[in-house]
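Written out below as structure tokens is the structure these notes cover.
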Amino acid sequence: MDEAKRSPLGTSTANGQPPYGEAGRAGADGPPPIVPQPASLARVAGAVRLPKTFTALHHRNFRLYWVGQVVSLCGTWMQTTAQNWLVYQLTASPFTLGLLNFANQTPTLLFTLFAGVMADRANKRTFLITTQTLAMLQAAILAVLVYTGTARAEHVIVLAFILGTINAFDNPIRQSFTPELVPKTDIMNAVALGATAFNGARIIGPAIGGAVVAWVGASGAFGLNALSFLAVLAGLFMIQYQPRAPQRQRDPLWTSLREGVNYIRGNRAVITLLLQASMVGIFGMPYATLMPVMAADVLGLDAGGYGLLMSATGVGALAGALILASLGNYRHKGRLVMMGDFLFPTLLLLFTLSRVTWLSTILLAGMGLFLILRNATTNTLLQTAVPDQLRGRVISVYMVMFIGMTPVGALQSGWLAQNYGAPFALQVGCVILLLSALLVLWRRPEVRNLP
């Protein structure tokens with residue numbers, strides 16, 4: 001996926017919520033809307049006392065953004081599912097699948113560091129409105145091409161590159177949005193709830209996407225994704241947002257970028273977290289690239305079965321995100337990262353050996369749980385450790401090391417799958433990840449003890 005509407009992370013202080021009864025009567029005046037409205041759902045959430053797991057939802061701005069993201073992310077996962085399946089049906093080539101994901105993620109490697117400098121200078125809400133509007137137009141163009149029967153694999157790949165470029169600027173700004181909208185004590189909960197939205201959509205989106213592709217074709221999934229952007233745009237417009245004063249200094253771009261890199265170089269724990277993120281991007285995330293091959297050629301499933309496998313990963317990831325949200329300001333985050341670094345590749349390795357659909361589904365759910373534990377906890381550690389004035393730049397480096405390395409992983413896994421089979425390609429990555437985790441445990445024990 002695109003990593004573009006990947007986790008919503010913003011909130012602010014609650015204020016002026018109408019009584020619950022008013023919200024209830026408003027919903028009873030007519031038939032329910034087809035698309036959930038961020039404002040009305042946010043008012044309902046604000047009127048109800050929420051458990052500790054959902055602490056960040058007490059803040060009005062976060063509710064508006066979060067609800068909009070839930071709707072929009074479902075559309076994103078529908079498009080991701082349909083796009084991969086469409087290209088594999090058009091070409092029957094695992095390498096072309098790798099090329100598709102290479103095109104989608106390469107802009108992260110090229111542009112995200114510069115976007116991180118902009119994140120420390122720009123009005124983040126205005127910037128996000130722009131990027132989300134452009135992503136909506138990209139989905140609409142893709143829907144029209146497929147509906148008219150003119151889409152070819154090269155069209156999908158070019159549009160994937162365009163979306164990747166949009167995401168390269170969107171991601172670091174969205175990630176660094178969090179501290180402007182939540183108090184520091186709620187950052188871990190907000191990150192976890194962002195991951196909850198992302199992975200809840202990861203369950204619903206692929207399941208609906210697979211069904212829509214089987215029923216009306218890929219154009220339906222792309223069109224629904226374009227419509228889903230209206231929800232997140234509505235949430236962004238409704239947020240009562242007072243941006244922090246932008247960075248007054250206007251150092252040259254390279255000077256500002258070097259300042260962030262120098263901070264990272266001086267912190268061994270941060271460097272280790274970033275290197276481990278890159279290892280997961282190269283050797284772990286190709287599982288998503290090769291999932292159509294595993295579904296169709298290894299397990300003998302159709303588009304609906306492929307959607308089921310992708311949803312299973314989302315079920316586990318959602319469970320992991322909810323566990324993190326319930327932990328609050330947990331004091332042993334380093335242990336969670338190390339646990340994920342070992343158990344994610346172990347379960348993925350077992351999945352490559354399975355030829356039974358129900359067992360594969362269970363293994364993918366467990367894999368998704370531990371993947372989100374390590375990813376969301378790493379994100380939280382970086383968000384809380386970095387000075388405010390450097391956050392955008394450091395998060396942009398994280399985006400490059402994680403998402404930016406996935407094109408390399410997509411190409412190497414696609415080539416291995418083309419020549420030796422998809423299971424072997426994923427098995428090689430799993431072994432490398434396990435060796436990397438052992439090396440960190442041995443040479444960087446301080447990571448395990450991060451608070």
What's the ranking of 57-70, 330-343, 280-293, 146-159 by average number of surrounding C-beta atoms within 10 Å, highest first?
57-70, 280-293, 330-343, 146-159
Find the percent of Cα-Cα distances in the range 54-121 that exceed 17 Å, and round it to a whole number.
65
Starting from the exponent 0.38 and prefactor 2.2 Å, build the expected Rg for the chain from its residue count and divide its actual Cα Rg by it.
0.93
Which value, in Å to one decimal place, does the Kirkwood hydrodynamic radius take for the range 304-451 when every pair of different Cα atoms is included?
16.6
Asserting the computed 222 nm helical MRE of the chain (DSSP H runs at least 4 long, -39500 (n - 2.57) per run, divided by residue count, to nearest 500) equals -25500 deg cm²/dmol
Can you tell me the dipole magnitude for the chain around its Cα centre, using point charges on the Cβ only (Lys, Arg +1; Asp, Glu -1), in Debye to the nearest 20?
1240
Ratio of the Cα radius of gyration of the range 136-293 to 2.2 N^0.38 Å, where N counts its residues
1.30
Of the options 192, 286, 222, report the single residue whose Cα projects farthest towards the positive end of the charge dipole of the range 166-318 (beta-carbon charges: Lys, Arg +1; Asp, Glu -1).
192
With just the Cα atoms defining each centre, how far is the range 286-358 from the range 217-244? Give it in Å.
27
Given the range 265-350 reduced to its alpha-carbon atoms as identical point scatterers, what log10 I(q)/I(0) does the Debye formula return at q = 0.13, 0.14, 0.15 Å⁻¹?
-0.57, -0.65, -0.73
Please sort 255-266, 208-219, 164-175 by packing, taking for each peptide the average over its residues of neighbouring beta carbons within 10 angstrom, highest first.
164-175, 208-219, 255-266
For the residue pair residue 154 and residue 121, what label-to-label distance in nm results when each label sits 7 Å from Cα along the Cα-to-beta-carbon direction?
3.7
Can you give me the long-range amide H partners of residue 403? Hydrogens built in the peptide plane at 1.01 Å from N, cutoff under 5 Å, separation of 5 or more residues or another chain.
none
Which cross-chain or sequence-distant (5 or more) residues have an amide H under 5 Å from the amide H of residue 450, H modelled 1.01 Å from N in plane?
334, 335
Could you sort 378-390, 190-202, 303-315 so that the peptide with the highest average Cβ count within 10 Å comes first and the rest follow in order?
190-202, 303-315, 378-390
So what is the relative contact order for the chain, in percent, with contacts set as C-alpha pairs under 8 Å and at least six apart?
26
Total charge dipole magnitude, the range 247-336, about the Cα centre, Cβ charges on Lys, Arg, Asp, Glu only, Debye to nearest 20:
700
Selection from 439, 142, 84, by position along the positive dipole direction of the chain (Cβ):
439
For the range 308-449, size of Cβ-based charge dipole, Lys and Arg +1, Asp and Glu -1, in debye
280
Which whole-angstrom value gives the distance between the alpha carbon centres of the range 405-451 and the range 119-180?
28
To two decimal places, what compactness ratio does the range 183-226 give when its Cα radius of gyration is scaled by 2.2 N^0.38 Å?
1.62
Quote the convex hull volume per residue of the range 402-451, based on C-alpha atoms, as a whole number of Å³.
89
Give me D for the range 366-419 in µm² s⁻¹, whole number, from Stokes-Einstein with Rh from the Kirkwood sum over alpha-carbon pairs, 25 °C and 0.890 mPa s.
189
For the range 104-204, max minus min Cα coordinate along each principal axis, in Å, sorted largest first?
51, 33, 22
Can you compute the radius of gyration and Dmax for the range 133-180, using only the Cα atoms, both in Å?
13.7, 45
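Rule-based calculations on the coordinates, nothing more; no lab input. For clarity, every value in this text was computed on a predicted model and none was experimentally measured. Heads up, the Cβs are rebuilt from the backbone with ideal geometry, glycines too, and the neighbour counts pull from every protein chain shown.
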